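Worksheet for the structure shown next.
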Amino acid sequence: MRRPLNTTQSVILTLLWVAICYLILVGAEQIDGPLILTIIISGALVFIPIIKSVKNRKR
């Protein structure tokens, strides 16, 4: 089984996700439904493993 992410890895992943979302939102001609949905789905793909690793770290 994999080791849970440590705090530094979690912070770096979160900051990278925020930076990429910022670049996408600034560069978009218009902010519409598919763009918002894509950002929400990408957030789920990033934050679900981070939350799981934090819960496993507490055990």
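The values are calculated or read from the model by the stated rules, or taken from the named source; none is laboratory data. Computed from a predicted model, the values in this text were never measured in an experiment. Cβ: placed from backbone, ideal geometry, glycine included. Neighbour counts: every protein chain shown. Only protein heavy atoms, including side chains, enter the accessible area calculation; ligands, DNA and RNA are left aside. Shrake-Rupley method; radii C 1.70, N 1.55, O 1.52, S 1.80 Å.
Name every residue in segment 1-37 that is of a type in the set (Val, Ile, Thr) and within 12 Å of the chain's Cα centre (by Cα), in order of residue number.
Val11, Ile12, Thr14, Val18, Ile20 - these are the residues of segment 1-37 that are of a type in the set (Val, Ile, Thr) and within 12 Å of the chain's Cα centre (by Cα).
Restricting the search to segment 32-42, which residues are over 12 Å from Trp17 (Cα atoms) and surrounded by 11 or more Cβ atoms within 10 Å (Cβ to Cβ)?
Within segment 32-42, Leu35, Ile36, Thr38 meet the criteria.
Limited to segment 1-15, what total is found for residues that are outside any loop (DSSP other than H, G, I, E, B) and open to solvent by less than 100 Å² (accessible area, probe 1.4 Å)?
Adding up the residues that qualify gives 8.
Any residue in segment 24-36 that is at negative phi and assigned to a loop (DSSP other than H, G, I, E, B) sitting within a Cβ distance under 7 Å of a residue that is open to solvent by less than 90 Å² (accessible area, probe 1.4 Å) and not hydroxyl-bearing (Ser, Thr, Tyr)? List the pairs, counting only those 6 or more apart or interchain.
That search, which allows pairs on different chains as well, returns Ala28/Leu35; Ile31/Leu25.
List the residue pairs whose Cβ atoms are under 7 Å apart, where the first residue sits in segment 38-49 and is aliphatic (A, V, I, L, M), the second is at pLDDT below 95, and the two are 6 or more positions apart or on different chains.
Cβ pairs passing all conditions: none.
Does any residue in segment 1-14 that is over 16 Å from Ser42 (Cα atoms) and among the polar types (S, T, N, Q) come within less than 9 Å, Cβ to Cβ, of a residue that is open to solvent by 90 Å² or more (accessible area, probe 1.4 Å) and in a helix (DSSP H, G or I) six or more places away or on a different chain, and which pairs are these?
Asn6/Arg57; Thr7/Arg57
Take Leu45 and decide whether it is part of a helix (DSSP H, G or I) and open to solvent by 90 Å² or more (accessible area, probe 1.4 Å).
yes
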